[in-house]
1. Of E66, E165, how do they rank once you tally other Cβ atoms within 10 Å and put the fewest first?
2. As I understand it, the value is the acute angle between the Cα axis of helix 257-269 and the longest principal axis of the Cα atoms of the chain; what does it come to in degrees, rounded to 10?
3. To the nearest 10 degrees, how steeply does helix 138-148 sit against the main Cα axis of the chain, on a 0 to 90 scale?
4. If you fit an axis through the alpha-carbon atoms of helix 30-50 and take the longest principal axis of the Cα set of the chain, what angle between them do you get, 0 to 90°, nearest 10?
5. Can you put T137, T219, T236, T54 in order, fewest other beta carbons within 10 Å first?
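The numbers here are math on the coordinates, done by the rules we state, and not lab data. The model shown is predicted, which means the values in this text are computed figures rather than measured ones. Heads up, the Cβs are rebuilt from the backbone with ideal geometry, glycines too, and the neighbour counts pull from every protein chain shown.
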Amino acid sequence: MSLRVYISVDIEGMEGVVSYNETLRGKGDFELARRRLTMDVNAAIAGAKAEGATEILVCEGHADMENLLFDELDSAADLISGAMRSSLQMQEIESGFDAMVLFGHAGGGQTVGGVLDHTFNSKKIHGLRLNGMTMNTEAVFNAAVAGHYGIPLVAVIGDRAVVNEVHAFLPDCEGIVVKEGLSRFCARSMHPARARDLIAQGVAKALRTRHQKQLLHLTEPLTMEIDYIYSAGADTASLVPGVKRISPRTISFTGEAETVFRLHELLLFRTVDEYPFGF
């Protein structure tokens, strides 16, 4: 019997990560953080293997999406990495999987106790809603994408804030807490060795009970509302056919789920929010 497992990976929710010094390429502790990230993802893969996973796909979804050390990644997994794709953190989810695991996503922007909290793009986006429901964290939005394709989110790994945000929508999702946020740039973290044991055990448990997990499935058509930090973001988003400007910094779009999911990538990451001509 096949068991296809999808693992979407970010870094801000990983234990020990508390600043951009660890999350941005070229910063002092980035190389150490990406090595620890790879080892943590290997722990999630080990949990999937323990439950008999026949296919494991890891989707890199942080910054330039080239953070994991591929040679050190468990050879049981395939890896999606690199930019200019149709989905930042959910590429190929539509090909059909039995379960999804989210690793290292941050709490949504405006979250108290969320370490490095942000709403998808910290330089552009203030808030996001789907069908009127606040989805400021990537984790919940990703769960909705998976749910559209009939795939349950079985486990979320990160700080207490992101686990709580997911549990507000999916209370039966396995929450694996590896750090407690004390402020946006401070946390009490579990030691990596203990965190990896917890991750492996938690993922295995979540997959064992996957048939009991509920889907986050939203009724179509979907209406997506995006609040930009600056009005320039809404200016450029409004150029897309079908997008409506509903306030100086807010736009909305209504359509079929797959159209909304693809437009989400464009409107959150490709809009212009500063003067584009360099003077």
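1. Values: E66 13, E165 25.
Neighbour counts put them in this order, fewest first: E66, E165.
2. Its long axis makes an angle of about 80 degrees.
3. Once rounded, the angle reads 90 degrees.
4. 60 degrees
5. Details: T137 32, T219 7, T236 17, T54 13.
Fewest to most other Cβ atoms nearby, the residues stand as T219, T54, T236, T137.
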